[in-house]
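The values are calculated or read from the model by the stated rules, or taken from the named source; none is laboratory data. The structure presented is a predicted model; accordingly, all values stated were derived computationally and were not measured. Reconstructed Cβ throughout: ideal geometry from the backbone, glycine too, with neighbour counts over all protein chains shown.
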Amino acid sequence: MTITSRNPVAAAEVVLDDVDVGYSGQRVVHAISLELPRGKIGCLLGPSGCGKTTLLRAIAGFEGVMRGEIRLNGESVSRPGFTLPPEKRSVGMVFQDFALFPHLDVAGNIAFGIRRWARGDRDRRVRELLRLIGLAGYERAYPHALSGGQQQRIALARALAPRPELLLLDEPFSNMDVELRTDIAQEVRAILRAESTTGILVTHDQNEAFAFADCIAVLNNGRLSQWDTAYHLYHRPADRFVADFVGEGTIIPGKVCEDDCVETALGKIRGPLSDRFGPGTAVDVLVRPDDIALDNDRGDTGAEVLSKAFRGADFLYTLKLQDGTEILCVAPSHDNFVVSDHVRLRLNFSHLVVFPRGDSGAARR
């Protein structure tokens, strides 16, 4: 769907400066600092209970902060002892259950937040948004007659109607079929771009985050593990939690044998290493499925196929190395190896990510 808008709005810059948020004196979110530039789309990603929705509610103004400061467009909107009310922040919200009014038709739902506008302006805005979300002609339909994806777009249009500078989305795709989520996330991203609106999504689903966001905050136990692009979260994780939570992969033991080389069951893996890892240091190495290629002609390391999962364009193989170490490998589906096959592996590392042996702390690259 091609999306254009003739009425872009001013977008908000969002800054969180050493923010703590909690309830009844108990801190739930600790020392969060990040900056989201105007017009960019961010994401708060993490497992259930990590504090992402609490942090989103603080950005919206529904919760105060216990320490630090939240600024929108350079204006302090939250600090200890002061919380600017949500209705004064030019912030829109889309919730998990969409919260559409069943007694109002589509036009009535979209117009609800701008019902005090002049009728002509209100009607023009509704028509504009219906075109933007690809539902022109649905003005008189009621929510119960719409699909989940259509309801989601109506909820988005209602939130965008007053032209907010910042749109917050709390798990808005979680009730949809898994196969639809990425497509809908990409549609919503395109709509926010067309409206020039800064957006922040809360999700536990990394595929949604990758499809939606320019920059992603990975939260763990109320703390920020990494604020970065999807590419760097996957290829340059800041700690073992990010390495485990984002993408597929395996941690295997190794030992530094040279300044830029680690000896593992896969053989020698080369790449720049921190000065903290001298020769002989025991480390753990992150191996992504695409770091390994199945190559019976040029491969140096042998492995046995333990299992395989067909994913359309490729297979995800679980392989056992000669010392018993298990790793994952992705390969094109036209290379159809079977369970118990013995294959040869070629290393395809573009970089080297290692951790101190058994440490849950930061990665060293």
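Among the residues making up the range 265-293, those that are in a strand (DSSP E or B) and surrounded by fewer than 18 Cβ atoms within 10 Å (Cβ to Cβ) are Gly267, Lys268, Arg270, Ala282, Ala293. Just one of the numbered conditions (1) β-branched (Val, Ile, Thr); (2) at pLDDT 95 or above; (3) touching a Gly at 6+ places or on another chain (Cβ under 8 Å) is not true of Val305: (3). Please specify each residue of the range 71-94 satisfying the condition of being charged (D, E, K, R) and within 12 Å of Val14 (Cα to Cα). Those that are charged (D, E, K, R) and within 12 Å of Val14 (Cα to Cα): Arg71, Glu75, Arg89. Residues in the range 294-335 that are of a type in the set (Gly, Ala, Ser), touching a strand residue (DSSP E or B) at 6+ places or on another chain (Cβ under 9 Å) and either assigned by TED's automatic domain parsing to the domain that holds Glu179 or not in a strand (DSSP E or B) (or both): 3 in all.
Taking first residues from the range 36-64 that are in contact (Cβ under 8 Å) with a residue 24 or more places away in the chain and assigned by TED's automatic domain parsing to the domain that holds Pro172 and partners that are assigned to a helix (DSSP H, G or I) and hydroxyl-bearing (Ser, Thr, Tyr), the Cβ contacts under 9 Å between residues at least 6 apart in sequence or on separate chains come to Leu44/Thr53; Glu63/Thr54. Under the condition of being in a strand (DSSP E or B) and either buried (at least 17 other Cβ atoms within 10 Å of the Cβ) or within 27 Å of the chain's Cα centre (by Cα) (or both), the residues counted in the range 70-82 number 8. With a requirement of 1 or more residues that are of a type in the set (Phe, Trp, Tyr) and surrounded by fewer than 23 Cβ atoms within 10 Å (Cβ to Cβ), the strands (runs of 3 or more DSSP E) lying completely within the range 203-264 that satisfy it span 223-228. Against the list (1) over 23 Å from Val256 (Cβ atoms); (2) surrounded by 12 or more Cβ atoms within 10 Å (Cβ to Cβ), the condition Arg311 fails is (2). From the list Val256, Val287, the one residue that fits, being over 17 Å from Val330 (Cα atoms), out of contact with any helix residue (DSSP H, G or I) (no Cβ under 8 Å at 6 or more places or on another chain) and aliphatic (A, V, I, L, M), is Val256. Across the range 292-342, the number of residues qualifying as within 22 Å of Gly254 (Cβ to Cβ) and among the hydrophobic types (A, V, I, L, M, F, W, C) comes to 11. Screening Gly249 against (1) within 27 Å of Glu165 (Cα to Cα); (2) touching a Lys or Arg at 6+ places or on another chain (Cβ under 9 Å) leaves a single unmet condition, (1). None of Gly64, Gly49 is out of contact with any Leu (no Cβ under 9 Å at 6 or more places or on another chain), at negative phi and part of a loop (DSSP other than H, G, I, E, B) except Gly64. When you scan the range 20-38, do you find a residue that is more than 30 Å from Arg240 (Cβ to Cβ) and crowded, with 17+ Cβ neighbours inside 10 Å, even just one? No, every residue in the range 20-38 fails to be more than 30 Å from Arg240 (Cβ to Cβ) and crowded, with 17+ Cβ neighbours inside 10 Å.
Scoring Val343 on the criteria (1) touching a Lys or Arg at 6+ places or on another chain (Cβ under 9 Å); (2) touching a residue at least 40 places away in the same chain (Cβ under 8 Å); (3) outside any loop (DSSP other than H, G, I, E, B) leaves a single failure, condition (1).
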